[in-house]
Amino acid sequence: MRLLLSETGSPPPGAELDREALRALYACPSRPWLRVNFVSTLDGAATGGDGFSGSINTDADFVVFQLLRELADVVVVGAGTVRHEGYVPLRDEDPAAPPLAVVSHTARLPEKLRASDPGAVLLVTRGGADPAVLDDAREALGEQHVVLAGDERVDLVAARKALEDRGMHQILSEGGPTLLGTMLSAGVVDELDLTWSPTVVGGDHTRIVAGPPVDLALEPVALVEQGGSVMGRWRVSR
């Protein structure tokens with residue numbers, strides 16, 4: 001990959017990055033750290049014409065996608081996105097993968113995650129969810145793998161702390177857009193990692209952030225390019 005920008009100035013712009021250099025470029029600056037990873041078309045769509053993010057992924061984006069998972073202690077995804085994108089436990093595909101933490105207001109566990117190995121899936125939900133549904137999730141995952149954060153709604157500040165208390169200091173979220181909007185509003189995001197896929201789709205598509213308006217400044221940390229795809233890191237300004 002070709003480096004376009006680095007806040008450190010080293011290596012210089014234009015340098016070709018091997019796997020180790022890319023890993024160093026994406027290393028978290030501190031622990032704990034919560035980053036969110038998304039892909040978007042050039043006209044701002046978070047999905048392709050088929051309604052799935054996979055149709056706008058590129059080979060270069062997939063390299064960064066895999067790298068961010070390797071660097072993470074846990075991957076956090078909203079339950080709606082898990083169902084829509086067809087997530088399975090990450091360790092089904094890679095035994096060394098981090099656990100998948102599913103954020104759900106209702107505490108209903110997506111069906112594809114019910115038969116996971118112990119500890120491969122966590123459910124992050126609220127204490128005010130239906131007790132019968134909570135009991136079902138505890139039976140499927142084990143009580144210690146159901147994280148209660150908040151009562152009337154999922155408290156994302158408390159949820160982040162609960163994950164950190166479990167030793168999960170490098171937290172990666174893969175969305176979806178509603179969860180990202182809520183995370184940004186809650187002030188728990190440290191970094192946005194975004195790939196611009198070199199395509200436009202037009203039409204009416206979801207953007208990477210959904211929900212109430214947010215007004216948040218971010219600072220560029222790094223930009224890389226390969227095959228027309230531009231991948232970047234932006235740090236949330238505090």
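The values are calculated or read from the model by the stated rules, or taken from the named source; none is laboratory data. In this text the structure is predicted, and so the values were computed from the model without any measurement. Every residue, glycine as well, gets a Cβ built from its backbone with ideal geometry; the counts of neighbours run over all protein chains shown. Just so you know, the surface numbers come from the protein's heavy atoms only, side chains and all, with ligands and any DNA or RNA stripped out. Shrake-Rupley method; radii C 1.70, N 1.55, O 1.52, S 1.80 Å.
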So the helices (runs of 4 or more DSSP H) completely within the stretch 70-169 holding 1 or more residues that are hydroxyl-bearing (Ser, Thr, Tyr) are 79-85
Within the stretch 172-198, residues being touching a strand residue (DSSP E or B) at 6+ places or on another chain (Cβ under 7 Å), open to solvent by less than 50 Å² (accessible area, probe 1.4 Å) and not in a strand (DSSP E or B) number 9
Taking the stretch 91-150 and keeping residues of a type in the set (Gly, Ala, Ser), closer than 21 Å to residue 73 by Cα and open to solvent by less than 30 Å² (accessible area, probe 1.4 Å) leaves 97, 101, 104, 116, 119, 120, 142, 149
- Message: Looking at the structure I just gave you, is residue 36 outside any helix (DSSP H, G or I) and touching a strand residue (DSSP E or B) at 6+ places or on another chain (Cβ under 6 Å)?
- Response: yes
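Please work out which residue is least open to solvent (accessible area, probe 1.4 Å), limiting yourself to the stretch 1-28 and to residues that are in a loop (DSSP other than H, G, I, E, B) and touching a residue at least 60 places away in the same chain (Cβ under 8 Å).
26
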Counting only residues that are open to solvent by 50 Å² or more (accessible area, probe 1.4 Å) and among the hydroxyl-bearing types (Ser, Thr, Tyr), the stretch 65-83 contains a total of 0
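Among the candidates 180, 163, which residue alone is touching a Phe, Trp or Tyr at 6+ places or on another chain (Cβ under 8 Å) and under 17 Å from residue 100 (Cα atoms)?
180
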Residue pairs qualifying under the 8 Å Cβ cut-off, at least six apart or on distinct chains, with the first in the stretch 164-186 being without any contact (Cβ under 8 Å) to a residue 40 or more places away in the chain and the second being buried (at least 16 other Cβ atoms within 10 Å of the Cβ) and in a helix (DSSP H, G or I), are 182/156; 186/156
